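Scroll down for the structure; my scribbles are underneath it.
The values are calculated or read from the model by the stated rules, or taken from the named source; none is laboratory data. Note that this is a predicted model, so its numbers are computed, not measured. Ideal geometry is used to build each Cβ from the backbone, glycine not excepted, and the neighbour counts take in all protein chains shown. Surface areas here come from the heavy atoms of the whole protein model, side chains and all, with no ligands, DNA or RNA. Shrake-Rupley method; radii C 1.70, N 1.55, O 1.52, S 1.80 Å.
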Amino acid sequence: QVQLVESGGGLVQAGGSLRLSCAASLSIGSFNVMDWYRQALGKQRELVATITRDGSTNYADSAKGRFTISRDNAKNTVYLQMNSLKPEDTAVYYCRSTIATVISSPRYYWGQGTQVTVSS
């Protein structure tokens with residue numbers, strides 16, 4: 001019932017930029033939180049950036065100053081602008097949405113992921 005589709009990944013040279021998109025099948029106002037995660041080969045999935053329904057944002061230390069999470073409500077889309085990319089940023093990037101209610105545990109919805117590869 002909920003679909004998230006990531007796009008915008010690819011191969012980029014170190015120091016370059018990419019913008020990832022996460023298109024949702026629902027109004028993004030329906031979600032309490034939307035996040036970008038990433039998982040490098042052989043490593044644990046980690047949180048990169050978060051945006052709440054009121055627009056508050058948070059970033060992993062590794063992303064601060066380089067990445068920006070934003071949204072376009074009219075397009076039901078959340079973005080991750082990635083600048084000054086480093087080889088260490090190479091990973092599959094996943095979009096996650098969260099719907100939380102007062103009386104139930106949060107519901108999490110994941111996209112399929114988009115590969116980002118940063119060459120030296």
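Quick notes on this structure:
- Its relative contact order, with pairs defined as Cα atoms under 8 Å and 6+ residues apart, puts region 44-120 at 21 percent.
- Per-residue HN-Hα couplings for region 82-98 [Karplus 6.51, -1.76, 1.60; θ = phi - 60°; Hz; x = Gly/Pro]: 10, 10, 6, 5, 10, x, 5, 7, 4, 4, 8, 9, 10, 9, 10, 10, 10
- Phi-derived couplings, Karplus 6.51 cos²θ - 1.76 cosθ + 1.60 at θ = phi - 60°, listed residue by residue for region 49-60: 7, 9, 9, 8, 5, 8, x, 5, 10, 9, 9, 5 Hz, with x used for Gly and Pro.
- Heavy-atom accessible area per residue - the chain, 1.4 Å, Å²: 56 Å²
- Full-extension gain in nm, THR117 to ASN32, via 0.36 nm per residue minus C-alpha separation: 27.6 nm
- In this Cβ point-charge picture (+1 for Lys and Arg, -1 for Asp and Glu), the chain has a dipole of about 40 debye about its Cα centre.
- Contour excess over end-to-end distance, with Cα ends at ALA74 and GLN44 and 0.36 nm allotted per residue: 7.5 nm
- Of all accessible heavy-atom area on the chain, the percent that carbon and sulfur account for (1.4 Å): 47 percent
- Taking amide H positions as modeled 1.01 Å from N, with prolines and chain starts lacking one, the residues under 5 Å from GLY113 and 5 or more places away or on another chain are GLU6, CYS95.
- Largest GNM mean-square fluctuation among ALA100, ALA91, ALA40, using the chain with Cα springs under 10 Å: ALA100.
- Each label was represented as a point 7 Å from its Cα along the Cα-to-Cβ direction; for SER105 and LYS64 these points are 3.1 nm apart.
- Dipole of region 1-88, positive end: most advanced residue of GLY16, GLN44, ALA74 [Cβ charges, Cα centre]: GLY16
- Comparing mean-square fluctuations of LEU47, LEU20, LEU11 from a GNM of the chain with C-alpha springs under 10 Å, the top value falls on LEU11.
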